[in-house]
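A.B. asks: Once you've had a glance at the structure underneath, I'll fire off some questions.
The values are calculated or read from the model by the stated rules, or taken from the named source; none is laboratory data. Keep in mind that what you see is a predicted model, and the values were worked out from it rather than measured. Cβ: placed from backbone, ideal geometry, glycine included. Neighbour counts: every protein chain shown. What goes into the accessible areas is simple: the full protein's heavy atoms, side chains included, and nothing from ligands, DNA or RNA. Shrake-Rupley method; radii C 1.70, N 1.55, O 1.52, S 1.80 Å.
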Amino acid sequence: MNEVRWGIIGTGVIAQSFAADFEYAKTGTLRAVASRSKEAADAFSERYNIELSMVDYYSLINSHEVDVIYIGVPNHLHYELTKACILAGKHVLCEKPFALNQTQAAELFELAKKHDVFVMEAMWTRFNPTIDQALEWVEEGEIGPLQSIQASFCFVGSKDPENRLLNRELGGGALLDVGIYPIFLAQLFFGKPDFIQNQALVGDTDVDVFEQLLLGWDSGQLASLEASIISQQPNRAVLSGSNGYIEFGNNWYETKSLTLVKHEGAERSVEFDFPGMGYQFEIEEVNRCIEEGLNQSPNHSWQDTLNLLASMDEIREDIGVFYPNEPEPCDCGHDHDIEEHHHEHGHHKH
């Protein structure tokens, strides 16, 4: 087929990072951008050399000038816009979290299957070369059987209650914004957990601002995870086995380096040399899947997204964080591979 033509919905920080890295992708053309502000759309298109600038999201969604649309707007709009894209016959890469909850995501995947379009959650970290290297080392037994994972994603966000991070109406909170990353890492290696324990701090705007999570599997593995929008950390990730460990560089979710440390003390470090922040790798994955006629990526599947949202739904239910007009947990008969989990929890009002 001809080169895949892309459109971007949104002009915020994450959309800017995505557009900046697009030039490093080996395939695909960035053709259009849409914003609710003409000034923002025009400035964005000029900055990133994009031919078409649109003021209405739906003008882009219904345009014949694009094949796939990247959705980079606040969380509460993901479901609505992804659904509109699918109904318009467009392929979709939607920023994480793919939806507010598993019920929404399951509906969208059913719709994507019906309309035969490619849809993927934009879990860009999955396509960072360091992740593939870690998967390879674990698979080859370099650290022995993998026993535990430690990972965090913490930073100090805005204190403005109207900011998307703290605004309940916009799907705010630490879990959906950054907690999803360490949960993704744990579930990439171990699958969906058999139990979840959590301690969380809920802020004045009724969204979570800090949590410590312990995920466990009946086979004996554990993951100790942390997420915060009120405290700073080096944000390291460590995969520990019986014969050594793998440590990612600081800010592990976007790092270009990782180190293998053996039980006897031998070390091997790998540094990847790629431009930008690494968004080009997920762009290339989407292009590859579309060209091969796939509806989903085998490397970050629909089931992977459903499993992530199932864990986050359970955590939010435990700590009492809900979003306006959120549908009830799904009992609609679809097989989403949801099991009853044992859990313990605590939460505190900040």
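A.B. asks: Once phi is turned into ³J(HN,Hα) by the Karplus curve 6.51 cos²θ - 1.76 cosθ + 1.60 with θ = phi - 60°, what whole-Hz value does each residue of region 116-125 show in order, with x for glycine and proline?
C.D. replies: Once rounded to whole Hz, the list reads 6, 10, 7, 9, 8, 6, 7, 8, 4, 4.
A.B. asks: Add -39500 (n - 2.57) for each DSSP H run of 4 or more in the chain, then divide by its residues: what number comes out at 222 nm, to the nearest 500 deg cm²/dmol?
C.D. replies: Helices in the chain give a 222 nm mean residue ellipticity of -9000 deg cm²/dmol.
A.B. asks: Additional query: With a 1.4 Å probe and all protein chains left in place, how much of the accessible area of the chain comes from carbon and sulfur atoms, in whole percent?
C.D. replies: Percent of accessible area from carbon and sulfur atoms in the chain: 46.
A.B. asks: Shifting gears a bit: What accessible area, in Å² to the nearest ten, does a 1.4 Å probe give for residue 54?
C.D. replies: Roll a 1.4 Å probe over it and residue 54 shows about 30 Å².
A.B. asks: May I pose another question? Could you name the lysines in cross-link range of residue 256, using Cα to Cα under 17 Å and dropping any fewer than eight places away on the same chain?
C.D. replies: Answer for residue 256, where 17 Å is the Cα cut-off: none of the lysines qualify.
A.B. asks: Does region 94-243 classify as rounded, prolate or oblate by the C-alpha gyration tensor (a ≥ b ≥ c root eigenvalues; a/c under 1.5 gives rounded; else a/b over b/c gives prolate, otherwise oblate)?
C.D. replies: Oblate, since a/c reaches 1.5 and b/c is not below a/b.
A.B. asks: I'm a student and want to see the number: the projected area of the Cα convex hull of the chain, averaged over all directions, in nm².
C.D. replies: 17.3
A.B. asks: Return an integer: the convex hull volume of the alpha-carbon atoms of region 1-138, in Å³ per residue.
C.D. replies: So the per-residue hull volume is 125 Å³.
A.B. asks: Pick out, in residue order, every one of the GluC sites (Glu not before Pro) in region 31-88 that is DSSP loop and has at most 10 other C-beta atoms within 10 Å; say none if there are none.
C.D. replies: Loop-located and lightly packed - none at all.
A.B. asks: When a/c is below 1.5 the answer is rounded, else prolate if a/b is larger than b/c, else oblate, so apply that to region 168-288 with a ≥ b ≥ c taken from the square roots of the Cα gyration tensor eigenvalues.
C.D. replies: oblate
A.B. asks: Report the charge-dipole magnitude of the chain in Debye, nearest 20, computed about the Cα centre from +1 at each Lys and Arg Cβ and -1 at each Asp and Glu Cβ.
C.D. replies: The dipole magnitude comes to about 720 debye.
A.B. asks: What ³J(HN,Hα) values, in whole Hz, does the Karplus curve 6.51 cos²θ - 1.76 cosθ + 1.60 give for region 26-39 when θ = phi - 60°, with x put for Gly and Pro?
C.D. replies: Result, ordered by residue: 6, 9, x, 10, 8, 10, 8, 9, 10, 9, 7, 10, 4, 4 Hz.
A.B. asks: Right, something else. Residues of the chain: accessible area per residue at 1.4 Å, in Å²?
C.D. replies: 43
A.B. asks: Let me ask something else about it. Quick one: among 28, 276, 171, which has the greatest mean-square fluctuation in a GNM of the chain with alpha-carbon springs under 10 angstrom?
C.D. replies: 276
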